[in-house]
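The values are calculated or read from the model by the stated rules, or taken from the named source; none is laboratory data. Fair warning: this is a prediction, and the values are worked out from it, not measured in the lab. Cβ placement follows ideal geometry from the backbone for every residue including glycine, while neighbour counts extend to all protein chains displayed.
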Amino acid sequence: MNDNPAVNGNHAMNLEQKSMRDVFIDAIYERMKGNDKIFFVSADFGSPKLDRLRRDFSDRFLNVGIAEQNLLNVSTGLALEGFTVYAYAIAPFLTMRAYEQIRNNLSLMSHVRELNVNLIGVGAGLSYDVAGPTHHCLEDISILRNLPNMVLFSPSDWYLVQEFADYSLQVKAPKYLRFDGKPLRRIYGNGSGINSGINMKDGFTEIKKGSGICIVSTGFMTHRALEAAARLARQNLDVGVIDFYVLKPFNEESFRKVLGNYACVITIEEAFINKGGLDSIVACAVNGMDTHIKRKHMGFGDSYVFDMGSRDALHRLYGLDEDGIIKNILECVKDLA
């Protein structure tokens, strides 16, 4: 039996909450002690954990101000001089205000030069919920997937973030780290029995094996997927859950092998659907298989979220809460009957 609380219906008992950015900044701080080729650059975006790094490594910390385009320019220059760079900003402004620089400086340049620039974008999905649509980040997966040579990391908990620190140093490529803006409970490690299943090269983990129906999720929505699957398990409905954390590149052959065990796949993401996000990744994988897997895609339609409220309230409004997920799963059950 898997003793992960999230899998077995006691998600609220998984007590240890931490923010992804704090865990990652701590991990990079520790690595900066023994590696003088690491630079940290911020677009005037703070964190209590960043204060220590800025103080102790003042010679390798830069604040470029509220200027995300310049953040990319400075970071690229440092990378071209052989440094590993962590560029830190609010996710929607980092990915969209500086998109041209990401394309030209990183995606294009990395065709001919080795560049290790890690874009730390905080505020994925609706994690800056009450700040409204200017601060929501629903487009980032779609637009950055289009760029060659980019690695896209979309973790569901802070344990994954911790595990990604060494990967970010070892893989000499531009990367986008899609971090949630709120503290989250851990899913992996801590006796969960699934930490050994973390595989950055595959890019996903089948957290829970199911029968017939599977949820594929990324980021915060993996918490929703596990909660919904746990509720259905109490009704004797065994739903699988795949957590997709490296959206590019990933092992498509391994992913198809896992999908082949299911008759229906539901994707859920805090992003626009039918725009090139997680749903498109899964659709392309399924289309390349000799199978008739049914698909449902859950996310946001072709409209920004102007309604005000907490993340939970917005999820209820747009059918992305547990009840909405369960409703879609039960529809799949009927279709498969």
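Please name all residue pairs, on different chains or six or more residues apart, with Cβ atoms under 9 Å, provided the first residue is in the range 318-332 and is without any contact (Cβ under 8 Å) to a residue 60 or more places away in the chain and the second residue is of a type in the set (Phe, Trp, Tyr) and surrounded by 20 or more Cβ atoms within 10 Å (Cβ to Cβ).
From residues that are without any contact (Cβ under 8 Å) to a residue 60 or more places away in the chain, the pairs are Tyr318/Phe300.
Checking the condition on the phi < 0 side of the Ramachandran plot, assigned by TED's automatic domain parsing to the domain that holds Asn328 and buried (at least 24 other Cβ atoms within 10 Å of the Cβ), which residue from Leu259, Leu237, Leu226, Leu232 passes?
Leu226
Condition test on Leu160, is it touching a residue at least 40 places away in the same chain (Cβ under 8 Å), surrounded by 24 or more Cβ atoms within 10 Å (Cβ to Cβ) and under 16 Å from Glu16 (Cα atoms)?
yes
What do you reckon, is Phe272 at pLDDT 95 or above, in contact with a strand residue (DSSP E or B) (Cβ under 6 Å, 6 or more places away or on another chain) and surrounded by fewer than 20 Cβ atoms within 10 Å (Cβ to Cβ)?
Against the criterion (at pLDDT 95 or above, in contact with a strand residue (DSSP E or B) (Cβ under 6 Å, 6 or more places away or on another chain) and surrounded by fewer than 20 Cβ atoms within 10 Å (Cβ to Cβ)), Phe272 qualifies.
Does Glu269 satisfy the condition of being touching a residue at least 60 places away in the same chain (Cβ under 8 Å), in contact with a Gly (Cβ under 6 Å, 6 or more places away or on another chain) and within 21 Å of Ala228 (Cβ to Cβ)?
Here the answer is yes, as Glu269 does meet what is asked.
Among the residues of the range 211-258, write down those that are among the acidic types (Asp, Glu), in contact (Cβ under 8 Å) with a residue 24 or more places away in the chain and farther than 20 Å from Met298 by Cβ.
Listed by number, the list holds a single entry, Glu252.
Return the residues of the range 275-288 that are loosely packed, with under 14 Cβ neighbours inside 10 Å and either under 20 Å from the mean Cα position of the chain (by Cα) or among the hydrophobic types (A, V, I, L, M, F, W, C) (or both); say none if nothing qualifies.
Cys284
Residue-wise test of (1) surrounded by 24 or more Cβ atoms within 10 Å (Cβ to Cβ); (2) under 24 Å from His135 (Cα atoms).
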position: Pro174; (1), (2): yes, yes
position: Gly210; (1), (2): no, no
position: Ile213; (1), (2): yes, no
position: Gly219; (1), (2): yes, yes
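Consider Gly46 against the criteria (1) closer than 22 Å to His136 by Cα; (2) part of a loop (DSSP other than H, G, I, E, B); (3) touching a residue at least 12 places away in the same chain (Cβ under 8 Å); (4) of a type outside the set (A, V, I, L, M): it satisfies all of them except one. Which criterion is unmet?
The number of the failed condition is (3).
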